[in-house]
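All remarks here apply to the structure that follows.
The values are calculated or read from the model by the stated rules, or taken from the named source; none is laboratory data. Quantities reported herein were computed from a predicted structural model and do not represent experimental measurements. Here the Cβ positions follow ideal geometry from the backbone for every residue, glycine too, while neighbour counts run over all protein chains shown.
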Amino acid sequence: MRATILVHRIPIETPVQTSFGVMGDRPSVVLRIEDEDGAVGFGEVWCNWPSVGAEHRARLLEALILPLAGESRLAREPAALWRWLTARLRVLAIQSGEPGPIAQCLAGLECALQDLMARRAGLPLARFLAPDAAATVAVYASGINPTGAPKTAERAIAAGYRACKVKIGFSPERDRENLLGARALLGSANRLMADANQAWTLEEALRFAPTADEAGLDWLEEPLAHDAPDADWKRLAQAMDTPLAAGENFASDRDFAELPAARGLRVIQPDLGRWGGVGQLARLGAKFREGGLLFCPHWLGGGVGLLTSCHVKAALNDEDGYVEVDFNDNPMRSEIAAEVFASLRDGRVGLADKPGIGIGDEALDAFRAHLEISREVVF
Ligand SMILES: [Mg+2]
């Protein structure tokens with residue numbers, strides 16, 4: 001197979017603000033894979049942080065991961081290949097101190113190969129994964145910056161969303177003002193969530209808990225750091241009515257098996273570009289539905305990963321839960337996913353009835369002016 005590693009950096013006017021840092025541009029790592037018959041697949045590797053992370057992940061793919069994938073002879077079994085590579089790179093990931101970047105590259109590779117296999121079958125990815133896949137998917141507007149948050153949330157509702165997530169963790173007064181302001185503008189018919197991006201100590205989170213309840217949040221996301229004690233998470237969960245959400249920073253079978261119960265989570269948010277790809281997201285979705293958790297795939301990147309996430313969620317045919325859709329400026333998301341998101345009504349989008357995730361080379365060619373790296377690897 002022939003892989004093309006594409007790194008783009010798209011300039012933006014309004015930086016994306018989180019409680020731990022600011023994004024001054026929108027980076028993207030996309031793998032395009034073509035097999036000997038000319039079938040193509042696209043997968044996106046999560047690369048938002050640190051700010052130079054995209055280039056590093058591209059080098060890992062080129063120098064380490066794709067050559068190893070060639071040795072596996074498992075390229076037509078993406079989930080099995082992911083397992084094989086994860087086992088094969090386990091010790092290197094520990095020793096290099098880079099389990100995250102390696103897992104993210106493996107995840108994007110798995111997604112690209114799943115897309116390719118769906119296209120070979122002539123089916124949309126969702127129906128390739130499950131013949132009874134839903135035709136539409138519930139989505140929510142995410143990543144709403146603290147500056148003018150209530151107005152941005154109102155704009156998202158006007159665009160057709162029925163649920164919005166505001167970034168908090170900046171200061172208690174500002175967070176409270178933003179959440180209550182957003183709630184007042186959205187009314188009770190629309191859903192509101194908040195993401196603290198691991199900003200708080202347990203004491204700070206406990207102080208904020210009454211505001212979360214007062215704002216009627218559907219969930220409070222990552223109030224504590226991923227490495228905070230399970231007991232802290234559980235104590236917070238018991239101190240408020242608002243459900244706790246996490247999962248974007250989970251990166252092992254053990255995390256997903258143990259942490260939801262140990263931390264009292266009621267919403268689970270795996271990211272298919274950070275760990276596991278399509279196969280693991282689909283497996284976890286089915287498992288957590290059985291366990292009664294709300295399954296809301298995390299995504300905060302470009303259109304390739306967003307469309308892939310939507311197809312997996314559609315394959316699960318869930319009654320509830322939504323796919324996260326970044327509401328900040330990112331042409332690599334809004335233009336690549338334009339056709340699907342043109343159908344946004346009442347908080348749902350309809351997936352295109354096209355093979356795979358439904359995009360072609362022209363979707364990426366449109367960003368040629370912002371292409372920073374293009375490397376080919378035959379594997
Ligand atoms: Mg988050």
Among residues of the range 327-361 being surrounded by fewer than 21 Cβ atoms within 10 Å (Cβ to Cβ) and in a strand (DSSP E or B), the residue nearest to the ligand (Cβ to nearest atom) is Arg348
Being surrounded by fewer than 24 Cβ atoms within 10 Å (Cβ to Cβ), outside any strand (DSSP E or B) and touching a residue at least 40 places away in the same chain (Cβ under 8 Å): is that true of Pro50 here? no
Check Ala245, Ala212 and return the single one that is touching a residue at least 40 places away in the same chain (Cβ under 8 Å), within 16 Å of the ligand (Cβ to nearest atom), buried (at least 18 other Cβ atoms within 10 Å of the Cβ) and not in a loop (DSSP other than H, G, I, E, B). Ala245
Among the residues listed as Asn145, Asn197, the single one being surrounded by fewer than 24 Cβ atoms within 10 Å (Cβ to Cβ), touching a Ser or Thr at 6+ places or on another chain (Cβ under 6 Å) and in contact (Cβ under 8 Å) with a residue 60 or more places away in the chain: Asn197
If only one of Glu110, Glu154 is touching a helix residue (DSSP H, G or I) at 6+ places or on another chain (Cβ under 8 Å) and either modelled with pLDDT under 95 or hydroxyl-bearing (Ser, Thr, Tyr) (or both), which one is it? Glu154
Among the residues of the range 313-326 satisfying the criterion of being among the acidic types (Asp, Glu) and surrounded by fewer than 17 Cβ atoms within 10 Å (Cβ to Cβ), which is nearest to the ligand (Cβ to nearest atom)? Asp320
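Per-residue answers, yes or no, for (1) more than 16 Å from the ligand (Cβ to nearest atom); (2) among the polar types (S, T, N, Q); (3) surrounded by 14 or more Cβ atoms within 10 Å (Cβ to Cβ):
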position	(1), (2), (3)
Leu217	no, no, yes
Leu220	no, no, yes
Gln238	yes, yes, no
Asp241	yes, no, no
Filtering the range 252-276 down to residues that are part of a helix (DSSP H, G or I) and of a type in the set (Asp, Glu), which residue is nearest to the ligand (Cβ to nearest atom)? Asp255
Any idea how many residues of the range 157-188 are in contact (Cβ under 8 Å) with a residue 24 or more places away in the chain, more than 16 Å from the ligand (Cβ to nearest atom) and surrounded by fewer than 24 Cβ atoms within 10 Å (Cβ to Cβ)? 14
